[in-house]
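J.: Here you go, one structure.
The values are calculated or read from the model by the stated rules, or taken from the named source; none is laboratory data. Everything numeric here is computed off the predicted structure, so don't read it as measured data. Cβ: placed from backbone, ideal geometry, glycine included. Neighbour counts: every protein chain shown.
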Amino acid sequence: MKLTKLFAAVVVITALIINACTKHEAYIQAGGNLPTNYITVLGTGKITPPMLTVASGSSITFVNNHNKPHRILSLDADSSIYTLVIPPDSSFFYKNDTLLGTFAYKCVLDSTITGIITFRP
């Protein structure tokens, strides 16, 4: 009798764990609300994608896969797009809810790294 109760308890606990670890179909896709726009520095003069178009208010993560630090700065008068220094194998999360238009940018520490980001309504 005790063995039957123990077995039933194990089955119930296992079912609860499996149910708790299963993501419901109505929830957001894997990764939750993580940013979906990435710009990756691959090396001297190499950035991907070189041109990116996103909706205004979208987030961008600048990823440094190079062995040197980088710092991104847009070329407009207000320096609307900027990052702190991004060490090698690190990233910088950027979000601005009000930007609209096209912005050229470059790396302050390596002028061969350039790109364009367009924020659309």
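J.: Find all pairs meeting these conditions: Cβ atoms under 9 angstrom apart; at least six residues apart or on different chains; first residue within the range 89-113 and farther than 14 Å from ASN64 by Cα and touching a residue at least 60 places away in the same chain (Cβ under 8 Å); second residue among the charged types (D, E, K, R) and in a strand (DSSP E or B).
T.: Within 9 Å, the pairs are THR112/LYS46; THR112/LYS106.
J.: Additional query: Please go through the range 76-104 and give me each residue that is assigned to a loop (DSSP other than H, G, I, E, B) and among the charged types (D, E, K, R), ordered by number.
T.: ASP76, ASP78, ASP89, ASP97
J.: Further question on the same structure: Can you tell me how many residues in the range 112-121 are within 17 Å of GLY45 (Cα to Cα), part of a strand (DSSP E or B) and among the polar types (S, T, N, Q)?
T.: The qualifying residues number 1.
J.: Name every residue in the range 24-43 that is exposed (fewer than 13 other Cβ atoms within 10 Å of the Cβ) and either at pLDDT 70 or above or more than 14 Å from the chain's Cα centre (by Cα) (or both), in order of residue number.
T.: Within the range 24-43, HIS24, GLU25, ALA26, TYR27, ILE28, GLN29, THR36 meet the criteria.
J.: Can you tell me which residue is surrounded by the fewest Cβ atoms within 10 Å (Cβ to Cβ) among those in the range 45-67 that are without any contact (Cβ under 8 Å) to a residue 40 or more places away in the chain and among the polar types (S, T, N, Q)?
T.: ASN67
J.: I'm trying to understand the selection: among the residues of the range 68-121, which are under 19 Å from the mean Cα position of the chain (by Cα), surrounded by fewer than 17 Cβ atoms within 10 Å (Cβ to Cβ) and among the hydrophobic types (A, V, I, L, M, F, W, C)?
T.: LEU73, LEU84, VAL85, PHE93, ILE116
J.: Separate question: Among the listed residues LEU109, LEU73, which satisfies the condition of being of a type outside the set (Val, Ile, Thr) and in a loop (DSSP other than H, G, I, E, B)?
T.: Only one candidate passes the filter, namely LEU109.
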